[in-house]
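> Below you'll find the structure I mean.
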Amino acid sequence: MLLIPCPWCGPRDETEFTCGGEAHIVTPRAPEDLDDEAWGEFLYLRTNPKGRCAERWVHTHGCRRWFNVLRDTVTERILTVYEVGARPPQAGDD
Amino acid sequence: MSGERTAIVERGSRTSIVVRGDARDVRFVRAMAAATGLEPPVAPGTTAHHLLDAVLWLGPDEWLVVSETQPGHALASRMQQALQGLHAAVIDVSDARVVYAVTGAHARDVLAKGCALDLHPRAFSLGQCASSLLAEVPVLIHQRSAEPCFELYVARSVGEYVRAWLRAAVREHLHASGGSSP
């Protein structure tokens, strides 16, 4: 069980949250200009790193706000949380 | 801890209005104060109250206005009028939820059986509120008094389930004097 620090509500159980997958994936401005491969890449291909991973989470059963979480997929340690729209903190920032 | 008997009290439905807006906008805060007599609290998990009316924090731009004296439609239309022209939303959700109160010396023990929130006085004090899960269903918990009394707002559709769950959870404490845990 993860204890996720919601930027508004503070640390809460993982059961209150929903993970929205990898963060910082930019929706193509003109999807009609993409070929199938590029569109497929946008839809399905994720970095799936072993280690630091930036994810979107929403506090479904709390304040219902989205935010970003920087999580280590090996240790399950949550390194930091930050606002939607903010740039991901770089390695060594914490 | 007081020696008050632990009990579950059904409080039925209650006038509840969801309001969304920008608390940094002084016009929004003034309009809310004019319509409800209360300013929306900005700190997460806090409430503002006056007699039998309260404003509960739900999110950084979302509040629940509850009242035990005013009908929902009257309060909602007054708020709608006050907030006219502002970037805000008012939704009457009075019929969506039912309210249960858990009171008495073992109230925290009862809730701890199905809720992961730390409700110890050092972490959750009088007047605070929190949205969370109780027995797997969404709940809004508001501490109404230091007795303690916790009010639970749950969806009407799961009201019967929550009532049955609370009745089972409180059973072991019903005949206890309240002072010490078994």
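> Give a residue-ordered list of calculated ³J(HN,Hα) values for segment A:77-83 (Karplus: 6.51 cos²θ - 1.76 cosθ + 1.60, θ = phi - 60°; whole Hz; x for Gly, Pro).
Coupling constants for segment A:77-83: 6, 8, 7, 6, 10, 8, 5 Hz.
> Here is a further query. Quick one: Karplus J couplings for segment B:149-155, per residue in order, coefficients 6.51, -1.76, 1.60, θ = phi - 60°, nearest Hz, x for Gly and Pro?
Result, rounded to whole Hz: 10, 10, 9, 10, 9, 10, 4.
> Also, quick follow-up: Sum up the charges of everything whose Cβ sits under 12 Å from the Cβ of B:I91, counting Lys and Arg as +1 and Asp and Glu as -1, but leave B:I91 out. Each step should come with its number before you reach the end.
Working: positive: B:R20; negative: B:E62, B:D92, B:D95.
Every neighbour counted, the sum reads -2.
> Oh, and also: Take A:M1, B:M32 and order them by how many other Cβ atoms sit within 10 Å, fewest up front. Provide the component values of the computation, followed by the final result.
Working: A:M1 8, B:M32 26.
In order of increasing Cβ crowding within 10 Å: A:M1, B:M32.
> Rounded if a/c is under 1.5, else prolate if a/b beats b/c, else oblate: with a ≥ b ≥ c from the C-alpha gyration tensor eigenvalues square-rooted, which is the protein assembly as shown? Each step should come with its number before you reach the end.
Details: a/c = 2.23, a/b = 1.39, b/c = 1.60.
It comes out oblate by the Cα gyration axes.
> Starting from the Cα gyration tensor of segment B:43-85, take the square roots of the eigenvalues, sort them a ≥ b ≥ c, and report rounded, prolate or oblate (rounded when a/c is under 1.5, otherwise prolate if a/b is larger than b/c, else oblate).
Details: a/c = 2.60, a/b = 1.23, b/c = 2.12.
Oblate, since a/c reaches 1.5 and b/c is not below a/b.
> Would you mind giving the mean number of other chain beta-carbons within 10 Å of the Cβ of each residue in A:64-75, as a whole number? Don't skip to the answer; put the middle values down first.
Working: counts 4, 4, 0, 0, 0, 0, 0, 0, 0, 0, 0, 0.
Per-residue shielding by partner chains comes out at 1.
> Now for a different question. Can you compute the FRET efficiency between B:E4 and B:V137 using 1/(1 + (r/R0)^6), with r the Cβ-Cβ distance and R0 = 30 Å? Round to the nearest 0.05. Intermediate values should be presented prior to the final figure.
Working: r = 26 Å, r/R0 = 0.88.
The calculated FRET efficiency here is 0.70.
> Specify the residue with the greatest mean-square fluctuation among A:P11, A:P49, A:P28, computed from a Gaussian network of chain A linking alpha-carbon atoms under 10 Å apart.
A:P28
> How big is the Cα convex hull of chain B in projection, averaged over all directions, in nm²? All intermediate terms of the calculation are to be shown ahead of the outcome.
On the way: hull surface 40.3 nm².
Averaged projected area of chain B's Cα convex hull equals 10.1 nm².
> Amide H to amide H under 5 Å from A:G20: which residues, 5+ apart in sequence or cross-chain, H placed 1.01 Å off N in plane?
Close amide H contacts, sequence-distant or interchain: A:R56, A:W57, A:V58.
> Report the residues of segment A:35-66 in range of a label on A:L3: point 7 Å along Cα→C-beta, backbone N strictly under 12 Å from it.
Counting only backbone N, you get no residues.
> Order these by the 10 Å Cβ neighbour count, fewest first: B:T103, B:T69, A:T60. Mind dumping the intermediate values first?
Working: B:T103 20, B:T69 9, A:T60 15.
Ordered from fewest to most neighbouring Cβ atoms within 10 Å, B:T103, B:T69, A:T60 come out as B:T69, A:T60, B:T103.
> If you don't mind, there's one more thing I want to ask. Report, by chain and number, residues whose modeled amide H sits under 5 Å from the one on B:C115, excluding near sequence neighbours (fewer than 5 apart, same chain).
HN-HN under 5 Å from B:C115: B:A135.
> Continuing with this model, one more query. Return the average number of partner chain Cβ atoms within 10 angstrom of each residue Cβ along peptide B:59-65.
On the way: counts 7, 4, 2, 3, 0, 0, 0.
Mean shielding by partner chains, rounded to a whole number: 2.
> Using alpha carbons only, how many degrees (0 to 90, rounded to 10) separate the axis of helix B:72-82 from the longest principal axis of chain B?
40 degrees
> Under 8 Å for C-alpha pairs, at least 6 residues apart: give me the relative contact order for segment A:3-82, rounded to a whole percent. If you can, show how the numbers build up before the last one.
Working: 119 pairs, mean separation 24.7, N = 80.
Normalised by residue count, the contact order of segment A:3-82 is 31 percent.
> Now for a separate question. How much FRET efficiency would the formula 1/(1 + (r/R0)^6) give for B:A34 and B:R163, where r is the Cβ-Cβ distance and R0 is 30 Å, rounded to 0.05? Don't jump to the answer; show the numbers that get you there.
Numbers: r = 37 Å, r/R0 = 1.24.
Plugging the Cβ-Cβ distance into 1/(1 + (r/R0)^6) gives 0.20.
> Then there's this: Against the 2.2 N^0.38 Å scaling, with N counting residues, where does segment B:13-120 land? I'd like the Cα-based Rg ratio to two decimal places. Let's see the in-between values first.
Values: Rg = 15.0 Å, N = 108, 2.2 N^0.38 = 13.0 Å.
For segment B:13-120, the normalised Cα radius of gyration is 1.15.
> Using the count of nearby Cβ atoms within 10 Å as a rough guide to exposure, how do A:R71, B:R122, B:R30, B:R171 rank from fewest to most? Write out the running numbers ahead of the final one.
Numbers: A:R71 22, B:R122 6, B:R30 13, B:R171 10.
The most exposed by this proxy come first: B:R122, B:R171, B:R30, A:R71.
Any read-out appearing in this document is the output of simple, stated calculations on the displayed coordinates, not a laboratory observation. Just so we're clear, the structure is a prediction, and the values are computed from it rather than from any experiment. Glycine gets a Cβ as well: all are built from the backbone with ideal geometry, and neighbour counts include every protein chain shown.
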